[in-house]
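The values are calculated or read from the model by the stated rules, or taken from the named source; none is laboratory data. This one's a predicted model, so the numbers in the text were calculated from it and none came from an experiment. Don't worry about glycine lacking a Cβ; one is built from the backbone with ideal geometry, like all the others, and counts go over all protein chains shown. For accessibility, only protein heavy atoms count, side chains too; no ligands or nucleic acids. Shrake-Rupley method; radii C 1.70, N 1.55, O 1.52, S 1.80 Å.
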Amino acid sequence: MEDNYRKKMMLGQDGNALVQLVIINAVLFAILGFVHVIYQLNNLPDTSYEKNVLSWFLLPASADTLSSRPWTALTYMFSDQHVFRFIGNMFWLWGFGYILQDLTGNRKLIPIYLYGGIAGALFVVLSYAIFPKLHAQAAFIQLAGANASVIAVAIATTTVAPDYRIFPMINGGIPLWILTAIYLLVDFSTISTGNPGDYIANFAGAGAGFLFIFWLRKGHDGSMWLNQLFDWFSDLFNPDKKKKARSPKDEFYYKVSGTQPFRKIPNVTQQRIDEILDKINQQGYRFLTDEEKEILKRAADEEDL
């Protein structure tokens with residue numbers, strides 16, 4: 001059943017946060033590329049496209065310019081004009097995002113992605129406002145792409161399980177932290193030396209990913225309010241949907257000591273199985289209780305009979 005669940009997540013199960021992020025990035029990349037082609041077909045210069053279209057999606061390093069287009073603190077992390085950078089970001093997002101969903105469920109990925117991008121935007125704008133040498137260049141610098149967000153996802157995933165094994169056929173598997181080190185080396189080596197804002201954003205995104213997991217382990221779930229906001233917005237179009245509140249302890253490796261004096265073994269009903277599968281979809285298989293795993297095992301045994 002765990003294998004079937006993972007296959008569905010790979011193929012784009014309903015509500016899969018990873019698929020949603022990739023689709024949003026791909027759609028906006030395609031739209032911006034299409035508009036750029038129209039400008040080229042009309043013999044309009046690239047500077048005209050960048051000024052009239054692209055600049056309204058990218059993050060300006062100047063605080064004064066940002067005040068007139070504050071939405072770019074969100075849109076820049078979904079906007080890119082470089083094909084290879086976009087493909088690379090989506091590749092790494094899919095790899096780390098899939099592992100993160102397997103470890104923590106389906107409701108942490110988007111908040112971490114957003115926190116990483118926002119942290120990158122905040123530190124870039126502050127740096128160009130505070131340091132005189134950078135301040136002189138602020139009017140000419142714009143931040144684009146999902147780099148800071150993807151790094152946040154990568155660092156968060158590695159913080160959760162640095163020894164998570166990938167490619168198990170290779171000498172028992174490669175630890176996740178090695179893959180992360182390779183990713184960071186490739187990412188930072190491809191940044192243009194003329195734009196220190198990219199370095200600042202990446203470091204800020206990495207810090208956001210680490211702090212998210214650090215505080216989550218202490219019982220402070222930074223994704224809760226965002227997920228509640230997403231659920232509220234979703235319920236506007238689906239008012240019959242039932243809400244299920246979850247505490248941070250239920251979401252992340254919370255265990256109680258001691259044993260129960262009495263444990264009732266419930267009947268294996270289809271409704272109960274559906275509830276467990278829904279929990280897997282939202283939180284991940286690793287967060288099932290021993291009782292829920294036993295129910296799935298009994299259900300599988302009954303099917304074999």
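Under 15 Å from Leu100 (Cβ atoms), of a type in the set (Gly, Ala, Ser) and open to solvent by less than 30 Å² (accessible area, probe 1.4 Å) - does that describe any residue in the range 155-173?
Yes, there is a match, as at least one residue in the range 155-173 is under 15 Å from Leu100 (Cβ atoms), of a type in the set (Gly, Ala, Ser) and open to solvent by less than 30 Å² (accessible area, probe 1.4 Å).
Quick check on my filter: what residues within the range 181-197 are open to solvent by 50 Å² or more (accessible area, probe 1.4 Å) and in a loop (DSSP other than H, G, I, E, B)?
Thr190, Ser192, Thr193, Gly194
Just give me the residues in the range 198-212 being open to solvent by less than 80 Å² (accessible area, probe 1.4 Å) and in contact (Cβ under 8 Å) with a residue 40 or more places away in the chain, in sequence order. Let's see the steps before the verdict.
We begin by selecting, within the range 198-212, every residue open to solvent by less than 80 Å² (accessible area, probe 1.4 Å); these are 198-202, 204-209, 212.
Matches in the range 198-212: Asp198, Ile200, Ala201, Asn202, Ala204, Gly205, Ala206, Gly207, Ala208, Gly209, Phe212.
This table checks each residue for (1) loosely packed, with under 12 Cβ neighbours inside 10 Å; (2) under 30 Å from Leu277 (Cα atoms); (3) at pLDDT 90 or above; (4) of a type in the set (Asp, Glu).
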| position | (1), (2), (3), (4) |
| --- | --- |
| Asn4 | yes, yes, no, no |
| Gln13 | no, yes, no, no |
| Ala26 | no, yes, yes, no |
| Pro45 | yes, no, yes, no |
| Ser48 | yes, no, yes, no |
| Ser55 | no, no, yes, no |
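Whether any residue in the range 62-73 is more than 16 Å from Ala138 (Cα to Cα) and among the β-branched types (Val, Ile, Thr) is what I want to check.
Scanning the range 62-73, I find no residue that is more than 16 Å from Ala138 (Cα to Cα) and among the β-branched types (Val, Ile, Thr), so the answer is no.
So which pairs qualify, if the first residue must be in the range 160-188 and on the phi < 0 side of the Ramachandran plot, the second must be open to solvent by 50 Å² or more (accessible area, probe 1.4 Å) and assigned to a helix (DSSP H, G or I), the Cβ gap must be under 8 Å, and the two must be at least 6 apart or on different chains?
Pro162/Trp177; Asp163/Trp177; Phe188/Tyr199
Considering Trp232, Trp225, Trp215, which residue is in a helix (DSSP H, G or I), loosely packed, with under 11 Cβ neighbours inside 10 Å and modelled with pLDDT of 85 or more? If you could, list the steps in order and put the result at the bottom.
On the way: Trp232 fails: modelled with pLDDT of 85 or more; Trp215 fails: loosely packed, with under 11 Cβ neighbours inside 10 Å.
Sole residue among the options that is in a helix (DSSP H, G or I), loosely packed, with under 11 Cβ neighbours inside 10 Å and modelled with pLDDT of 85 or more: Trp225.
For residues in the range 257-305 being modelled with pLDDT under 70 and among the small types (Gly, Ala, Ser), which is nearest to Gly15 (Cα to Cα)?
Selected residue: Gly284.
Looking only at the range 57-72, which residues are part of a helix (DSSP H, G or I) and under 17 Å from Gly117 (Cβ atoms)? Before the answer, list the steps.
First pass over the range 57-72, keeping only residues part of a helix (DSSP H, G or I): 63-68, 72.
Selection gives Leu66, Thr72.
Within the range 97-132, restricting attention to residues that are buried (at least 22 other Cβ atoms within 10 Å of the Cβ) and β-branched (Val, Ile, Thr), which residue is nearest to Ser67 (Cα to Cα)?
Across the range 97-132, the extreme among qualifying residues is Val125.
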